[in-house]
Amino acid sequence: MKYRNTVCASFVMAAGLIASTTYATPNPATDEEVKTKLKGLYIIQLKDPSAIDNAMATADIPSRGVPASQARYNAQSETNRSYVAQLHAKQRAFISSSSLPEPVYQYGHTFNGVTVKLTDKQLEALKNHPDVLHIWPDEMLTLDTANTPQFLNLTTPSGLHDTGTLGEDVVVGIVDSGINPNHPSFDGTGYSAFGADQGWNGSCDINTDNTFACNNKLIGAKYFNAGISAALANAGLNFADYEVFSPRDIDGHGSHVAGTAAGNALSNSIVNGQDAGAARGMAPRARVAAYKACWDFVIGGDTRGSCFSSDTSAAIEAAVADGVDVINYSISGSTEFLMTSPAVAFLSATNGGVFVATSAGNDGPGAGTVGMPVPWVTNVGASSYDGTVPAQGVQINSGSLSGTTLIAAEASFTPAMSGLPDLTQDIAASLPVEGCSAFTNPADIAGKIALVSRGSCGFTTKIANAEAAGATGVIVYNNQPGGAPFAMGGTISPAPTIPAFMVGNTDGLALAADLTGGQNVNVTFSASLQTQSSVTGNIMANFSSRGPSLADADLLVPDITAPGLQILAANVTGDTFQYLQGTSMSSPHIAGIAALIKEQHPSWSPAAMRSAIMTTARQNVLKEDGSTPGDSLDFGSGHVVPNAAVSPGFIYDANQFDYAGFVCGKDDEVVFIENFMNNTTGIAGICGILPDFGYLPGSNFNHPSIAVSELGLPEAAIRYATDVTGSESTYTANVVAPTGVDVTVQVFVDGAWVTTNSMTIPADDTVAYRLLLAQNQQAVWDQYAFGSITWSNGTNSVYSPIVVEPVEPPAIDIAAEMVDSFSSANHRIIMPVQFYYDGEIYAQSHGMQEPQQLPGQATQDPDQSFDESDTGLGIHDFQLPASTKAIRFTLQNAQLSDVNADLDLFLFECTGEDSCEEIDSSTTATSNEVITLVQPKSIDDGVSYRVYVHAWNAGSSGVTDYPLNVYQVDTDNGNMRTLIRRAARNGRTASMYMLFRNLAAGKNYLGGVSLVDQDGTDIGFTLIDLSSQ
């Protein structure tokens, strides 16, 4: 028997850091051009379980609702070390037997697999290799305080920092662009040694960077560039000449993220020569380990900063093996798929006890833009905080803003004004406005300060083009409505010789309007121009990605929001700091807060920590306009409240079976998770088994938030609450029902569901409750409605948002297909029909039809990879009348000229002679193949269908004859009668009787029943499949 694997493309959204840039020079390559150039590497997952999965392997599925502690994975145990060595040996044997090149990476702890360069032919061959579980292309990903500890009340009296919870000896791993080891945020003074006795197995891999040193704060640092190196070599490209092949940060992103999560508590911080006040990370006494997996390279004169999934997966693997407690991953992720290679690595990491925080992405405020929407990581959006920050200024000497000093941010790659004389000059607007190509008005620009809009290209490109046109300085204005200025980043050679500042959107548009109106505008740049920038808190960032999840809308994302605007943290140069913004900056807030929780509750699972963060959140956050109340698609459960998160009352826990059950609900990833869990647990077909143990997909996943997409008929959402106080407690539910939805609370008591708003949880025990959700007359279809449930016991308030999307309910509820067998010429089936309307109902029979057998022949495909242009295919074309209710195509092993052959079916929909698109396939490990279309399109719609029969294995002769069985369900064939009571009553169930006659022994039949209401409107269809016993 062969096993078919699929190559799953991890579609990646651009979720780059808002305050950094893609460093560009003229004529930059597009992202798609870069990705095309760098293709060729693949991540292959093999079938044996990873070391974490092996350590957790069990054939016993615990019943849902039974409290269970989560053991921490120990990468250095003799058993696990030996197992990883065995995996690596098997991987090398696989590489050798498959004649593959030397692997770029071998994984073992979080992921059993390799990264390797493949030709197209090798890729096709490996899809069907019996040892291969899955293959992903190596993807190019992108990187996505002074006042925030105070804003979060960490430093106020009775706050966690004030009372001594500082993340002491918790290890935070940062998978990013590296770290600045010389920054005071990571100084090891005052820290004791930290090593194997504390469970730390990491090292400081400096390569030839002899000035890089770890210490007792920065306890580990590694770098991973084998993936991008292989990709660049394959494409004939090079790293940026300023890159350093060590963990040292060149970009600044990684240092800033690390400082936000776990930077030391410092009394002052210097930004552009000014003291910005005290600075500290969320967990200032946590240890830091840096894993550099993001690098700059050059393509077509354009310098790009990117992270390859092979390198990030290796970094995750190393972080878990080293013994980190928390991982921050401020890197983009797929919006549509759950089981990408980094997500699979994080699933194992989570199962091994490591908390993972990820950035939601910077593609907001549009809906459905959240990356990495999986329930085993904590997905973080970005919002603002209250406070003031010191800022540089640009003085306006004439024009409508004359006499004002605009808040401005100096570029990081241009000469600092502190080393330049004051510059006073008129300004002129660039053409083109965004300055992404050579200026077409150099005569207007020469000797003046150029005014340029942000957008479409890197900041280095804009400044280089302005200088080439003769500008003496540059003002770039933010192009985002209401957008604030920030420090423009980038690296370019040769370096610019003119200064550049960014101003806010409102100020920039005012300057542009003055110039358009013919006014002369004169400005001054000076290091002495200083001002204060006020920041208003609790407003969602315009860029922060929003829900719902495109992968599964029954999971609410993001999970939480945290500060991500104007965040002060470590810079890449010396001991300076910088302000950056992006969900990259909000995610490490949560990573650091998780470290605080870990210090107080070292035995809590990652799910317990996530639950505590989410259920104690507050919801007083506004949308990006600063006035409209935000909703759960903006911020998930709300804004993090770290002081409350260490004492949540009860939590919603989850284990590997919960996560598997969730993925089982996504039809296009069921095969993957079933094979993944079969290798992990030895349990085959786990998606059909888990519901019996209470592990349910979609809205029933035990998540701290509650989301129900497409609520047509009433549904129930079950949750399991586990006490973490150590004492029995009774909670009372306060429900705010979403508009148009009725919510009923039921608690599982003594073996039965009881309608009540009271729930008693014994000490350290788990109790189940469920919400019954049903539409009412106020429901607005196809729009999300928001509510909540809060359980309170007088001390704790445990909050969960309720997000529901009502849709038009069906008129009836009937089975989509009825499969039965018969033993006599006459047969009867009784089927229930549930009504959701008042009126009349009529049934019409279609069938029963025997198959028409169309002869054909398929020849062996040499590469065993289907393509519609292959020779030797069986081809069958169909044009269907509008009366066709269903059509089914089947192959049967027993009907082939060679019963050992393996033929597959591929169905295409065609709208013209040469315009056909694949819409379905059946590729089992035998020739027993089935494709069914219900309510197909007809020739009246200008549509026809083409079926290809492909010989993956044509048998010993290389040619196999077959009949294609075609069942066309159309008119009544006279051998079926359907009876149902005419009156339809909302809420009632009726029995529908299907009576069959003249059925022939040994035959298979296909038919159906259409149901219409009193107006003749189709309201339901059931396919009937009958086979002879």
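The values are calculated or read from the model by the stated rules, or taken from the named source; none is laboratory data. Because the structure is predicted, anything quoted here is derived from the model rather than measured. All Cβ positions, glycine included, derive from the backbone under ideal geometry; neighbour counts span all protein chains shown.
For region 167-194, give me each residue that is in a loop (DSSP other than H, G, I, E, B), touching a strand residue (DSSP E or B) at 6+ places or on another chain (Cβ under 8 Å) and more than 18 Å from ALA569 (Cα to Cα). Residues satisfying the conditions are ASP169, VAL170, TYR191, PHE194. For first residues located in region 85-106 and β-branched (Val, Ile, Thr), partners that are in a loop (DSSP other than H, G, I, E, B) and crowded, with 18+ Cβ neighbours inside 10 Å and lie 6+ apart or on another chain with Cβ distances below 8 Å form the pairs ILE95/PRO103.
The residues on offer are SER453, SER398, and the sole one that is touching an Asp or Glu at 6+ places or on another chain (Cβ under 9 Å), surrounded by fewer than 24 Cβ atoms within 10 Å (Cβ to Cβ), at pLDDT 95 or above and within 30 Å of GLY333 (Cβ to Cβ) is SER453. Out of everything in region 141-150 that is at pLDDT 80 or above and within 25 Å of GLY489 (Cβ to Cβ), what residue ends up being surrounded by the fewest Cβ atoms within 10 Å (Cβ to Cβ)? Per the criteria, the residue is PRO149. Taken over region 182-201, residues that are surrounded by 24 or more Cβ atoms within 10 Å (Cβ to Cβ) and more than 12 Å from HIS256 (Cα to Cα) amount to 0. Consider region 693-748 and keep the residues that are at positive phi and surrounded by 17 or more Cβ atoms within 10 Å (Cβ to Cβ). The one that is modelled with the lowest pLDDT is GLY694.
Residues that are crowded, with 24+ Cβ neighbours inside 10 Å and touching a strand residue (DSSP E or B) at 6+ places or on another chain (Cβ under 6 Å) were ranked within region 543-554; the one that is modelled with the lowest pLDDT is SER544.
Here's the yes/no breakdown for (1) part of a loop (DSSP other than H, G, I, E, B); (2) at pLDDT below 95; (3) touching a strand residue (DSSP E or B) at 6+ places or on another chain (Cβ under 8 Å):
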site: GLN857; (1), (2), (3): no, no, yes
site: GLN864; (1), (2), (3): yes, yes, yes
site: ASP867; (1), (2), (3): yes, yes, no
site: ASP870; (1), (2), (3): yes, yes, yes
site: SER897; (1), (2), (3): yes, no, yes
site: GLU918; (1), (2), (3): no, yes, yes
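Test SER915 against the stated conditions and say whether it is hydroxyl-bearing (Ser, Thr, Tyr), surrounded by fewer than 16 Cβ atoms within 10 Å (Cβ to Cβ) and either over 37 Å from the mean Cα position of the chain (by Cα) or not assigned by TED's automatic domain parsing to the domain that holds ASP861 (or both). Here the answer is no, as SER915 does not meet what is asked. May I ask you to say which residue of VAL930, VAL943, VAL947, VAL934 is out of contact with any helix residue (DSSP H, G or I) (no Cβ under 6 Å at 6 or more places or on another chain), of a type in the set (A, V, I, L, M, F, W, C), surrounded by 17 or more Cβ atoms within 10 Å (Cβ to Cβ) and assigned by TED's automatic domain parsing to the domain that holds SER821? Exactly one residue qualifies, and that residue is VAL947. Residues of region 456-482 that are modelled with pLDDT of 95 or more, over 17 Å from LEU420 (Cβ atoms) and either outside the structural domain of LEU509 (by TED's automatic domain parsing) or polar (S, T, N, Q) (or both): ASN465 alone. If you go through region 115-166 and keep only what is in contact with a Pro (Cβ under 6 Å, 6 or more places away or on another chain), under 30 Å from ALA644 (Cβ atoms) and not in a loop (DSSP other than H, G, I, E, B), you end up with just THR148.
Looking across region 687-713, the residues that are under 24 Å from the mean Cα position of the chain (by Cα) and of a type in the set (Val, Ile, Thr) come down to ILE706, VAL708.
Pick from region 672-692 the residues that are modelled with pLDDT of 80 or more and either surrounded by fewer than 16 Cβ atoms within 10 Å (Cβ to Cβ) or assigned by TED's automatic domain parsing to the domain that holds LEU87 (or both): which of them is farthest from LEU556 (Cα to Cα)? For region 672-692, the residue satisfying everything is GLY685.
As a summary of the residue check, ALA357 satisfies the conditions (1) assigned to a loop (DSSP other than H, G, I, E, B); (2) within 18 Å of ALA319 (Cβ to Cβ); (3) modelled with pLDDT of 95 or more except for the one numbered (1). For the residues ALA226, ALA230, the requirement of being farther than 30 Å from GLY381 by Cα and crowded, with 20+ Cβ neighbours inside 10 Å singles out ALA230. Listed by first and then second residue, the pairs with beta-carbon distance under 9 Å, at least 6 apart or on different chains, first residue in region 427-442 and at positive phi and assigned by TED's automatic domain parsing to the domain that holds ASP507, second buried (at least 18 other Cβ atoms within 10 Å of the Cβ) and of a type outside the set (Gly, Ala, Ser), are GLY435/VAL452; GLY435/CYS457; GLY435/THR461; GLY435/LYS462; GLY435/ILE463; GLY435/ASN465; GLY435/VAL474; GLY435/VAL476. With a requirement of 1 or more residues that are assigned by TED's automatic domain parsing to the domain that holds GLY1007 and among the hydrophobic types (A, V, I, L, M, F, W, C), the strands (runs of 3 or more DSSP E) lying completely within region 796-836 that satisfy it span 817-822, 827-835. A count restricted to region 152-196 and to residues that are among the polar types (S, T, N, Q), within 13 Å of ALA283 (Cα to Cα) and at pLDDT 95 or above stands at 1.
Screening ALA882 with (1) surrounded by fewer than 16 Cβ atoms within 10 Å (Cβ to Cβ); (2) touching a Ser or Thr at 6+ places or on another chain (Cβ under 9 Å); (3) over 29 Å from GLY912 (Cβ atoms) gives one miss only, at (3).
Any idea which of GLY254, GLY220 is touching a Ser or Thr at 6+ places or on another chain (Cβ under 9 Å) and assigned to a strand (DSSP E or B)? Checking each option against the conditions leaves just GLY220.
Taken over region 352-375, the criterion of being buried (at least 24 other Cβ atoms within 10 Å of the Cβ) and closer than 30 Å to ASP48 by Cα is satisfied by GLY352, VAL354, PHE355, VAL356, ALA357, THR358, GLY371, MET372, PRO373, VAL374, PRO375.
Here's a check for you: in region 495-519, which residue that is in a loop (DSSP other than H, G, I, E, B) and touching a helix residue (DSSP H, G or I) at 6+ places or on another chain (Cβ under 9 Å) is nearest to SER418 (Cα to Cα)? Applying the filter and picking the extreme gives PRO499. Taken together, the residues in region 289-317 that are among the aliphatic types (A, V, I, L, M) and out of contact with any Gly (no Cβ under 8 Å at 6 or more places or on another chain) amount to 5.
Among the criteria (1) touching a helix residue (DSSP H, G or I) at 6+ places or on another chain (Cβ under 9 Å); (2) in the same structural domain as GLN578 (by TED's automatic domain parsing); (3) outside any strand (DSSP E or B), the one ASN379 does not fulfil is (3).
Where helices (runs of 4 or more DSSP H) fall wholly inside region 572-656, the ranges with 3 or more residues that are crowded, with 24+ Cβ neighbours inside 10 Å and over 19 Å from the mean Cα position of the chain (by Cα) are 583-600, 606-615.
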